[in-house]
Amino acid sequence: LGDVDWGPVVGGYLATFFLAASYISIGLFTSSRTDNPIVSLIMTTLLCGFFYLLGSQLITGLLGHNISSIFNLFGTGTRFESITRGVVDLRDLVYYLSLVTIFLTLNLYTLEKSKWSNVTKNNNHKNWNFLVALIVGNCFLLNIWLYPISWFRADLTEGSLYSLSKTTKNQLKELREPLLIRGYFSERSHPLLSPLVPQLKDILTEYELVSGGKVTLEIIDPQKDSELEEEAATKYAVKPVPFQTASRHQAEVVNSYFDIVIAYGDQYETLSYADLIEAKASANESGVEVRLKNPEYSITRGIKKAVSSFRSEGNPLDSIKEKISIKFYV
């Protein structure tokens, strides 16, 4: 019926395979713990549901974006959604393989332990305990070690929707001075804005990686440091915006930051929440859908404006093409 973007298709099958492998390994482990298949089914459902809910909006919506990003690391659902959009990240694959390894190891350990006598303990038992602890610990540490590595991924979508465009990369190559990108995000924010903060962080990290060291990224919560809050207000005119939130029991106003500052030399550009997000009525008319409004375009445009302002006003030497001779009389 139409053109198909094969990136999400391939990502969907790949994500399903790894998710199924993880859940099957959990099922094998719980089956080894009991002789009752009904109990095994309940235990498997609870464990799989636990890993899924860790990164779901149901849990992360109650927390700040910093804590939410940690919970997202352990959620099978968030990893699944990341791959199904057409972006295959090494960290997501290692996460699923770690789950499979851990629960298959525990399964094997449980089966081996059922053969042991309750009376005698020998060195073989200690070796098994040490080996299982070593495997589980290494799987956990491997994921922590890979967490900062965000460049090892493949964008399979048509047109590389989740990677920086060629225009942005060329703009970053033309930088002659260090560029500072500072994200001001509050820990407490509107529930609809909090899920967008990790997405913006990923995009900004991509700018830092592609620039080859020319871009410095800083993520700051000004409400935790009065000096940074004063600097944001006086130097960049960044101030918190009041957002009204409501729950079943109470309504309140939360002052939060959702801004990006791009500084190049003595010039800077500020992107507020109005430049970064758009709100639309949801399809089922049950509320408002808030999503990012082409953040790459806004950020790259801000970089271009800051660089051009610096060249025209801040650094006159950039406009001189001829050789300059300077003599000092001391």
Answer label for Rg/Rh (Cα atoms, Kirkwood Rh) (calculated), chosen among (1) 1.27; (2) 0.95; (3) 1.08: (3)
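As a test of understanding, state the convex hull volume per residue of region 147-213 from its alpha carbons, in Å³. Don't jump to the answer; show the numbers that get you there.
Numbers: hull volume 8.2 nm³, N = 67.
Once divided by residue count, the hull of region 147-213 is 122 Å³.
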Set of aspartates and glutamates with alpha-carbon distance to residue 321 below 17 Å, sequence-local pairs under 8 removed: 174, 313
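Highest mean first, what order results for 299-309, 211-221 on Cβ atoms within 10 Å? Walk me through the intermediate numbers first.
Details: 299-309: 19.1, 211-221: 15.9.
My ranking of the peptides, most packed first, is 299-309, 211-221.
Give the peptides 267-276, 132-141 in descending order of average Cβ contacts within 10 Å, highest first.
Numbers: 267-276: 17.8, 132-141: 14.1.
Packing proxy ranking, top to bottom: 267-276, 132-141.
Counting heavy atoms of the protein chains only and a 1.4 Å probe, report the per residue accessible area for the chain as a whole number of Å². Please list the in-between numbers first.
Numbers: 20250 Å² over 330 residues.
Ligands and nucleic acids excluded, the result is 61 Å² per residue.
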nm² value of the averaged projected area, convex hull over the Cα atoms of region 193-247: 5.2 nm²
On Cα atoms only, tilt of 295-309 relative to the major axis of the chain in degrees: 30 degrees
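Of all beta bridges DSSP finds with both residues in region 141-262, what is the antiparallel percent, to the nearest 5? Spell out each step's value before the answer.
Details: 11 of 17 bridges.
The antiparallel proportion sits near 65 percent.
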Accessible carbon and sulfur surface of region 200-273 relative to its total accessible area, %, 1.4 Å: 44 percent
Debye equation applied to the C-alpha atoms of region 134-245, log10 I(q)/I(0) at 0.09, 0.11, 0.19 Å⁻¹: -0.36, -0.53, -1.16
Lysines whose Cα lies under 24 Å from that of residue 169, excluding same-chain neighbours fewer than 8 positions away: 201, 214, 293, 304, 305
Label-point separation in nm, residue 280 to residue 169, each point 7 Å along Cα→Cβ: 2.9 nm
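Determine the share of region 20-179's accessible area contributed by carbon and sulfur atoms, expressed in whole percent, with a 1.4 angstrom probe. Kindly include the intermediate steps, with their values, before the conclusion.
On the way: 6440 of 9660 Å².
Solvent-exposed carbon and sulfur of region 20-179 make up 67 percent of the total.
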Residue 216 long-range amide H proximity, modeled H, under 5 Å: 179, 180, 181
Inter-probe distance in nm under a simple model that places probes 7 Å from Cα toward Cβ, at residue 297 and residue 266: 3.4 nm
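Please give the FRET efficiency for residue 129 paired with residue 16, using the beta carbon to beta carbon distance and R0 = 35 Å, rounded to the nearest 0.05. Provide the component values of the computation, followed by the final result.
Working: r = 35 Å, r/R0 = 0.99.
The calculated FRET efficiency here is 0.50.
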Rough spin-label spacing in nm, given labels placed 7 Å along Cα→Cβ, for residue 67 and residue 330: 6.0 nm
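Kindly give the semi-axes, whole Å and largest first, of the ellipsoid equivalent to region 179-282, taking each as the square root of 5 times a Cα gyration tensor eigenvalue.
Values: eigenvalues 133, 57, 26 Å².
Over the Cα atoms of region 179-282, the ellipsoid semi-axes are 26, 17, 11 Å.
The values are calculated or read from the model by the stated rules, or taken from the named source; none is laboratory data. None of the values given here were measured: they were computed from a predicted structure. Every residue, glycine among them, receives a Cβ derived from its backbone with ideal geometry; neighbour counts consider all protein chains shown. When the accessible area is computed, the model is the full protein with side chains, heavy atoms only, and any ligands, DNA or RNA have been set aside. Shrake-Rupley method; radii C 1.70, N 1.55, O 1.52, S 1.80 Å.
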